Each structure stands twice: as structure tokens, then as C-alpha cells.
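*Asks:* Take this structure, written in C-alpha cells, and hold onto it; I'll ask about it next.
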Amino acid sequence: MTDVQDQWAAGSSYEDFMGRWSRGLAREFVSWLKIPGRVHWLDVGCGTGALADAVCGHADPASVVGCDPAAPLVEYARAHGRDARRSFVIAGAGSLPRRPGGYGSVASLLALNFMPDPAGAVCEMRSVAAPRATVSACVWDYGDGMLFLRRFWDAAAVQDPAAAALDEGVRFPLCRRDALLALFRDAGLGEVRCEPI
């Protein structure tokens, strides 16, 4: 387990980490996607269930399957929602859950850059999607747009120059427009667009 998973397993509140922002972003992301109603969704890297909740609240899905390799996150997501269209499984990139006919929307909120092989993950997301489905991801703009994180890492590097190597703006080059566009195009997806939310 990671340090964060250890903290969650020890009883810290999941929502204390980034939930306040991720839940608001999830609603905006779902709205931006404009997926028609009665579609089956797969939420890849579901974490605490923010995206699954937003889909159920704002997209009228047929179902939403959330998956994450971290058992404590899946347990939390299961325990904190009452919509019967939601379900959660312990699975990650490399073992994404499948359904006959595929999913009409395969989405990842704030998780793609943490996956060991993002290119492989997007290819697998495409493989579980139905024909003409939407495959999508939303990530924080660690380098420029996520100001509280930008200020945190800038201050950390002033206090300890070794912290510069941990800076998420440096560690996650994927979280830039050109890199995301290339990632999705290289996976063979068409009609790729990338916009700030």
C-alpha cells in the first residue's frame, strides 16, 4: 500500500484529501462529456466514488461500475452512496471489468497520471468500450492551473530543495494538454479533444 492508503486504512477521512475539489470537478466533468442517458459507465480509478456519484446525479446512467485497485477506497465508495445503479469492484488497469457489449462511457477522474502505464491504461479503456463509446480522463493541471498545489510545491522546494524532485508538476508531464492529446490519439481514439474545466 502507498503512504496515502496506509493513512486511509488507519481511519483518516477519505474526503479530507482532495474530496472537496474532486466532487465539484466530477460534476463539471460529467456535464462537459455530454453522454446520453441510459448508458453503461465504467469509472476507472474510482477512488472514493466522486465520479460515480456525479454520473448518477447528473447523467441518468443505466449503470456505473467503479473500479480501483485500492480496497479501502472501494470499501469507502460502497459505504457512502445509496444509488442502486452504482457498484464497485477492486480492479485496476490491467484487469478492468468487462461487460457484454462494452461500456458506452469509460472515464477516469484524477487517476490516469497515477497509473504505472497510462498509455496501456488508455488502450485497455478503449478495449472495454462499446463501439462509438466515449473514453475520457480528467487530470489536475499540476504545473499551472492547480494553484494551491503549485504554491505548495514552490514553498516546499524553498524549504527543502530536494522536494523539487517530488513536485507533481514535474512528476506528471502527462497532465499537460499536448501530452494528453498525444496519449489518446496514440491509443487509436478518434475525435480527441482536450479542454480546461
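*Asks:* Find the accessible area per residue for the chain; the probe is 1.4 Å, ligands and nucleic acids are left out, and the unit is Å².
*Replies:* 52
*Asks:* Below 8 Å, C-alpha to C-alpha, sequence gap of six or more: please give me the relative contact order for the chain in percent.
*Replies:* Worked out over the chain, it gives 17 percent.
*Asks:* Another question about this same structure. Considering amide H positions built from the backbone, and no H for Pro or chain starts, which residues 5 or more places from residue 46, or on another chain, come under 5 Å of its amide H?
*Replies:* Counting only residues 5 or more places away or on other chains, the set is 67, 68.
*Asks:* State the label only: which of (1) 103; (2) 118; (3) 130 corresponds to volume of the Cα convex hull per residue in Å³ computed from the shown model?
*Replies:* Here the calculated entry is (2).
*Asks:* Can you compute 3J(HN,Hα) from phi for each residue in region 52-64, using the Karplus curve 6.51 cos²θ - 1.76 cosθ + 1.60 with θ = phi - 60°, rounded to whole Hz and x for Gly and Pro?
*Replies:* In residue order, the calculated couplings are 4, 5, 5, 4, 5, x, 9, 10, 6, x, 6, 6, 9 Hz.
*Asks:* Set the Förster radius R0 to 30 Å, insert the Cβ-Cβ distance between residue 191 and residue 147 as r into 1/(1 + (r/R0)^6), and round the FRET efficiency to 0.05.
*Replies:* The calculated FRET efficiency here is 0.45.
*Asks:* Run the accessible area of region 39-109 with a 1.4 Å probe and give the carbon-and-sulfur part as a rounded percent.
*Replies:* 53
*Asks:* May I pose another question? Can you compute the FRET efficiency between residue 62 and residue 179 using 1/(1 + (r/R0)^6), with r the Cβ-Cβ distance and R0 = 30 Å? Round to the nearest 0.05.
*Replies:* 0.40
*Asks:* Another question, then. Counting only residues 5 or more places away or on other chains, whose amide H sits under 5 Å from the amide H of residue 137 once H atoms are built in the peptide plane?
*Replies:* When sequence neighbours closer than 5 places are left aside, the close amide H contacts are 108.
The values are calculated or read from the model by the stated rules, or taken from the named source; none is laboratory data. Keep in mind that what you see is a predicted model, and the values were worked out from it rather than measured. All Cβ positions, even for glycine, are placed from backbone atoms using ideal geometry, and neighbour counts span all protein chains on display. What goes into the accessible areas is simple: the full protein's heavy atoms, side chains included, and nothing from ligands, DNA or RNA. Shrake-Rupley method; radii C 1.70, N 1.55, O 1.52, S 1.80 Å.
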